[in-house]
Amino acid sequence: MKTTAERAYIYAKACGIIGSSFVGPRVRRLQDINRLSDLDRLLFPDTYEELPERELLVRIEQKIIARTIHQINSLVNTQQHIPEFITLLIRSYEYADLKLLISALLDKESSPPSHTDLGRFTTVRFNAYPELQAMLSGTDFEWILAQVPTNQSENIRLHAELDKRYYSKLWEALRHTADPSLHYIKEIIAEEIQLKNVLWALRLKHYYQFDTADIKDFLLTIYDGKRSMVKTALSSIDKPVDQYASWSSFEYAALLNPEEPGTFWHLDIPYVQRKAALYLYKKARIFFRRSPFSLNTTACFIKLKQFEEDLLISLAEGISLGLSGREVLTMLEVLP
C-alpha cells in the first residue's frame, strides 16, 4: 500500500507536468504559431532543428510522441506497483502501432511504419519486420498469426478485433482494481467505448457500406453494469445523414456538426470524431483533480498527455498545410 507521502509526490509531480503542458489555458500560447520552425522552438527550445519543412514535420511529430511517453513513464515509474489497467493505458500505443504494421504488410511495404518506443511496456518486436512470426510470437498478439489479413475487408475486421480485445482487457482490469476513486476513470473509459462504437458504426455504414447486421459484429459488446455500451451506436446506424432533425434525440447530438441556416446539412463524421476527443479531454481535465491521492490521478494524467500529443501533432500538420495556428485551434475548438 502506498504511503500518503508517496501518493502526494505522484500527485504533485503530475500537477507539475500538466501545469507546463499545452492543455487548458496554455493552449492559447499556440495560436500565434504559424511556422513549423517556430513550433519546434516553442516545444523543444533546447533541441530545435533547422530542417526542410517536410523533414521537420516528421521530426516534430516523433519528438512530441517521445516526450509524451517519457513524461508518462517518469510518473508511472515512481509507483511501486503498476496496476494492469495503467499498463494497458500506456500500451494503447502498441495496439495502434500494430494496426499500422499489419496494414504495411498488407500493402507489401519494404520498410516498417514508425512505432512508439514504450520501453519496458513494449512487447512487439518491431525491429523484426517484415517477419510477423518473429514480431508476435510469445506476445498477447500471437493470435494474429492465424488470421493475417489478405485484403482490406479482412484488415478492417482485424482492426475491430484489436479494439475489442484491448477494451475488454482494459475494462476487466478496471473492474478488478480495488480503488474507490476509479469510478472517475471508469466513467471516461465507458464513454470512450461508447463513442468508439458510434464512430465504428458510422464509418462502416457510410464509408464501407456495411449492412446493419454485419456492423454489430464489429462493435464492443461491453456492459458497465447499468447499460450496454453498444446500444447508442446501434441507434445511429439507420439515421439519415442528411436530416439533422432526425438526430435530435441521439445521446451524443451535441457532438454533431451544427445545422446552419441556408445550407444543406450532412453528417460530418470527422467532425464528430474531433468533438468526441474534445468531450473526453474535458472530462479528464475535470476528473484529474477529483481524487488527488489515488490511481485516478495517474489515469487522467495519461489521458491528458495523450490529448495534448494529438493536439500538437494536429497543429503541426495543419501548419504544414499552410493554415495558421489560430485556424487550426479554432477548427479543433480547443481555445478556452
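The values are calculated or read from the model by the stated rules, or taken from the named source; none is laboratory data. Predicted model, so just to flag it, every value in this text is computed and none were measured. Cβ: placed from backbone, ideal geometry, glycine included. Neighbour counts: every protein chain shown. Quick note on the areas: whole protein, heavy atoms, side chains included, nothing else; ligands and nucleic acids left out. Shrake-Rupley method; radii C 1.70, N 1.55, O 1.52, S 1.80 Å.
Observations on the structure shown:
- Surface share of carbon and sulfur [accessible, 1.4 angstrom probe, percent] for the chain: 51 percent
- Normalised by 2.2 N^0.38 Å, where N counts its residues, the alpha-carbon radius of gyration of the range 113-249 equals 1.24.
- Length added when fully stretched, R289-A5, from 0.36 nm per residue minus Cα-Cα: 100.5 nm
- Distance between the range 172-198 and the range 1-68 - C-alpha centres, whole angstrom: 27 Å
- Full-stretch length increase - H176, D38 - with 0.36 nm per residue and alpha-carbon distance subtracted: 45.1 nm
- Prolate/oblate/rounded call for the range 84-149, Cα gyration tensor, a/c under 1.5 rounded: prolate
- For the range 241-286 versus the range 88-125, the spacing of their alpha-carbon centroids is 31 Å.
- The chain shape via C-alpha gyration tensor axes, a/c threshold 1.5: rounded
- In terms of accessible area, using a 1.4 Å probe and ignoring ligands and nucleic acids, R29, R41, R120 rank largest first as R120, R29, R41.
- Dividing the mean sequence gap of close Cα pairs (under 8 Å, 6+ apart) by how many residues the chain holds gives a relative contact order of 27 percent.
- Relative contact order (%) - the range 179-336, alpha-carbon pairs under 8 angstrom, separation at least six: 22 percent
- Listed by chain and number, the aspartates and glutamates placed with their C-alpha closer than 12 angstrom to that of K303 are E192; residues fewer than eight positions away on the same chain are left out.
- Rg ratio for the range 182-290: its Cα radius of gyration over 2.2 N^0.38 Å, N being its residue count, equals 1.12.
- FRET efficiency, E327 to R54 (Cβ-Cβ, R0 25 Å, nearest 0.05): 0.75
- Net charge of Cβ neighbours under 12 Å - reference K196; Lys, Arg +1; Asp, Glu -1: -1
- Cut-off 14 Å between beta-carbons: net charge of the residues surrounding A284, Lys and Arg +1, Asp and Glu -1: +2
- Radius 9 Å from Cβ of S114, net charge of other residues (Lys, Arg +1; Asp, Glu -1): -2
- Size of electric dipole in the range 84-149: Cβ of Lys, Arg +1 and of Asp, Glu -1, about Cα centre, debye, nearest 20: 40 debye
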